[in-house]
Each structure stands twice: as structure tokens, then as C-alpha cells.
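Only one structure is covered here, and it is reproduced in the block below.
The values are calculated or read from the model by the stated rules, or taken from the named source; none is laboratory data. This one's a predicted model, so the numbers in the text were calculated from it and none came from an experiment. Don't worry about glycine lacking a Cβ; one is built from the backbone with ideal geometry, like all the others, and counts go over all protein chains shown.
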């Protein structure tokens, strides 16, 4: 029960980071906001890990794969922050939830996993759900919508790489390297789009990093009490917090098509999760 509470708390906290990012996107570049998300997250997370989890921070056995993982997540975050600067957080996150479907589709190629007809069917149904949200031909298919889907695609690749690293590197080390890689790469590129933030904006950017740090710490602690695979379905709670915050601060409320697409995508994702869990138990 403690693991579930910690995990749900993490998914309740992290959307506050997205809310601040959307709020600032009208004044600052989405890429500058992405840089701040990484810089301040590492700034607040590194001391915490050093004092409380120092023994877990051994060097990676797959540094190249770790860097690739960090780069993939950075691209996913850039796509997401760009998308929420234009479309609602709920719609962007709904489309990003295709990530588990992408992971399932890529796992036979990169992980050598066998995916049966049932999971392939769930993947296809999930993508139908994303089409319900987008409604190509009925609404303008803009770049922000494509970016939101790109978030899901790159995050799906990120999850594949995470599975690959799971057997060799600790989750804490993986989390830290991912943050550092993103912060370093973004720091080289952010001068090209830099806008000098006001003191108030700096405070918001730092607060965004605090929410990200707190969310990840809660996730780490939840993994102390339960396996990651058993907590995976609770990640969908993020959309609940996302919808509430989007409505409260921006008066954004998903339309019926977004709710229907979200239901289809979540149903497909949960089915894939339970199917994988069942297959693990049989081996």
C-alpha cells in the first residue's frame, strides 16, 4: 500500500512541472524551458542522491547506451514542451501515452521478445485511439499534435533502452545519467534561443525543477516497496492530475473525442501490461 501511495503521489506532483512549463511558454522558448527542467532537476537531485544513495552510484557497464537513453528522453521532453505550448496538456499527454504501444511494437526487434497476436491487436487498437484524438481530416493536423505523438514515440524508444539496461545498471544511476546527459546537451544548444528571464521567471523555472526532483524521489522510494512492473498501471493517474490542473489554470477541458481516445489508449496499454505480466509468471 505504501508503494502505491508514493507512486500515485509522484504522478500527482509531476504535472505541476508541466503546468509551469505551459504557463512560461508564452514568454520563454520551449527549448529554454526544457533546459531549465534538466538543469534544476539535476541541481536539486544530485545532492540528494549523493547523501542518501551514494553506494548505488557505481559507473555504468553500458555508457554509450546510457547516453543514447538520455538523448532519447531529451528529444521526448522537447517534443512534449513544444506541444503543450500550443495544445492542451490533456491532449498532449493522451497522445504521449502511445509510448507503451511503441515499446511493445519495437521489443521483438531490439529486445528479441516474442509478441503474440493479442498484444499486436492491442497495439493496433491503441493507435486507433490516437487517431480518435487527432481526427485527421476533421481537425487541423498541426505540428504540435505531431510533436505530442513524437513524445510518445521517443519515450517508447526510451523505455526499450531502459529495459535493455535494467539487467546491468541500477535505476538510480540510470536516472542520474539521463538527467546529466540532457542538461549537458541542452546547455550547449540553449544559447541560440536564450531569452533573459526575469527574477520571477527564474523562480518559476527553479520551482519546475523542484517538482521534477520531488516527483522522481517519490518514484524512487515507491520502487523500494514494490517492483516497477507492478506499479506501471498507476502511471495513468498522471492524466487525472493533468486534466484538473489544465482546467483550473488554463480552462482547458478535453472534448468527448479526447476522452474516448484516452480510454482506448489506456485500455490497450493496461491489457498489454497484464498480458506481459502473465507471460512472465508462466516462465
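When you scan region 83-97, do you find a residue that is within 30 Å of residue 49 (Cα to Cα), outside any loop (DSSP other than H, G, I, E, B), in contact with a helix residue (DSSP H, G or I) (Cβ under 6 Å, 6 or more places away or on another chain) and at pLDDT below 85, even just one?
Checking region 83-97: not a single residue is within 30 Å of residue 49 (Cα to Cα), outside any loop (DSSP other than H, G, I, E, B), in contact with a helix residue (DSSP H, G or I) (Cβ under 6 Å, 6 or more places away or on another chain) and at pLDDT below 85.
Across region 12-49, what is the number of residues that are crowded, with 20+ Cβ neighbours inside 10 Å and free of Cβ contacts under 8 Å to residues at least 60 places away in the same chain?
Looking only at that region, the number is 1.
Going by the structure shown, is residue 107 out of contact with any strand residue (DSSP E or B) (no Cβ under 7 Å at 6 or more places or on another chain) and at pLDDT 85 or above?
no
Report, ordered by the first and then the second residue, all pairs with beta carbons closer than 7 Å, sequence separation of six or more or different chains, a first member in region 244-270 that is touching a residue at least 60 places away in the same chain (Cβ under 8 Å), and a second member that is surrounded by fewer than 20 Cβ atoms within 10 Å (Cβ to Cβ) and outside any helix (DSSP H, G or I).
246/252; 257/135
State all residues of region 245-263 that are closer than 29 Å to residue 2 by Cα and either surrounded by 15 or more Cβ atoms within 10 Å (Cβ to Cβ) or at pLDDT below 80 (or both); if no residue qualifies, say none.
Hits for region 245-263 are 245, 246, 262.
When you go through 219, 205, 214, 231 one by one, which is the residue that is in contact with a helix residue (DSSP H, G or I) (Cβ under 9 Å, 6 or more places away or on another chain), at pLDDT 85 or above and under 21 Å from residue 3 (Cα atoms)?
214
Scanning region 130-145 for residues that are modelled with pLDDT of 80 or more and in contact with a helix residue (DSSP H, G or I) (Cβ under 9 Å, 6 or more places away or on another chain), which turns out surrounded by the most Cβ atoms within 10 Å (Cβ to Cβ)?
Once the filter is applied, the top-ranked residue is 145.
I'd like to check something: does region 162-176 contain any residue that is modelled with pLDDT of 75 or more, assigned to a helix (DSSP H, G or I) and within 21 Å of residue 32 (Cβ to Cβ)?
no
Say we look at region 102-116 and pick out the residues that are more than 14 Å from the chain's Cα centre (by Cα) and assigned to a helix (DSSP H, G or I); which of these is surrounded by the most Cβ atoms within 10 Å (Cβ to Cβ)?
104
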